[in-house]
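Notes follow the structure.
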Amino acid sequence: MGQADNRASQAVEGHRKAHERQGSPFKGVHHLVLNTDDIKTTIDFYSGILHMPLIHALRVPPGISRGNPPFERLRHYFFDMGNDNMLAFFELPKGEKDQADRDGVAAMQHVSFSTTPQEAEKLLKRLDAAKIQRAGPLEAAPGCWSIYFYDPHGVRLEVSYQPEQGDEQRNVDHFRQSREGMLKELRTVSDDQAWLDRVMAHLED
């Protein structure tokens, strides 16, 4: 092995050891958002087949645009996919979008990384230093703040955090609704009480 190869190998090993000591500044995936055009079928598959509990059901407030699909009052539902990570879906109007673009059925709409308020401040400085356009920080949901930007290939990225939780981010706890809080929205999906009871069986009253 030549000197250049040896230096490169040592540099890689140095980075590996640094990450072992410090870890990533991120805490994992806050929520991964995909698109669907049938939220009931999506709930049945992800909760019923994959055992990802539905933890939050909402409608996007009118007029808010942060790179969301271009429709008002979309359903935006969140599942617990384990390890305090969430998988979420927008429900698009049937027939309004084709597949294979960011706002299409089965496409990845954006990915959000969970971090702490302190690390978010550091990230803002790096984004600004690199002249990367961003939106935020802004309160994307009650008590949850987000920064939005794109990667070099046009993938929509988000970094999210709950300021009051500091270094101990608990995303699922923050987003989990009560049965009463979820029921009103779910009744716009189905009036089948047995189905509603199954979907919300894990939630507290």
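Every read-out reported here was derived from the displayed coordinates using simple, explicitly stated rules and does not represent laboratory data. What you see is a predicted model, and the numbers here were worked out from it, not measured in a lab. Because the Cβ atoms are built from the backbone with ideal geometry, glycine has one as well, and the counts that use them run over all protein chains shown.
Things worth noting here:
- The calculated FRET efficiency for Asp205 paired with Lys40, based on their beta-carbon distance and R0 = 25 Å, is about 0.65.
- Antiparallel beta bridges, as assigned by DSSP with both residues in the chain, represent about 75 percent of the total such bridges.
- Cα extents for the chain along the principal axes, largest to smallest and rounded to whole angstrom: 70, 35, 35.
- Partners of Lys94 within straight-line reach, counting aspartates and glutamates whose Cα lies under 15 Å from its Cα and excluding those fewer than 8 residues away in the same chain: Asp37, Asp38, Glu72, Asp103.
- Stretching the chain fully between Glu168 and Phe26 yields a gain of 49.9 nm (0.36 nm per residue, less the alpha carbon separation).
- Most fluctuating residue given options Arg59, Arg126, Arg73, as computed from a GNM of the chain linking Cα atoms under 10 Å: Arg126
- For Lys125, the aspartates and glutamates whose Cα falls under 17 Å of its own Cα, not counting residues fewer than eight places away in the same chain, are Asp151, Glu158.
- Cross-link pairs Lys40/Lys184; Lys27/Lys184; Lys97/Lys184 - those with Cα-Cα distance over 25 Å: Lys27/Lys184; Lys97/Lys184
- Normalising the average separation of contacting C-alpha pairs (under 8 angstrom, six or more residues apart) by the number of residues puts the relative contact order of the chain at 22 percent.
- Placing +1 on each Lys and Arg Cβ and -1 on each Asp and Glu Cβ, with no other charges, gives the chain a dipole about its Cα centre of roughly 640 debye.
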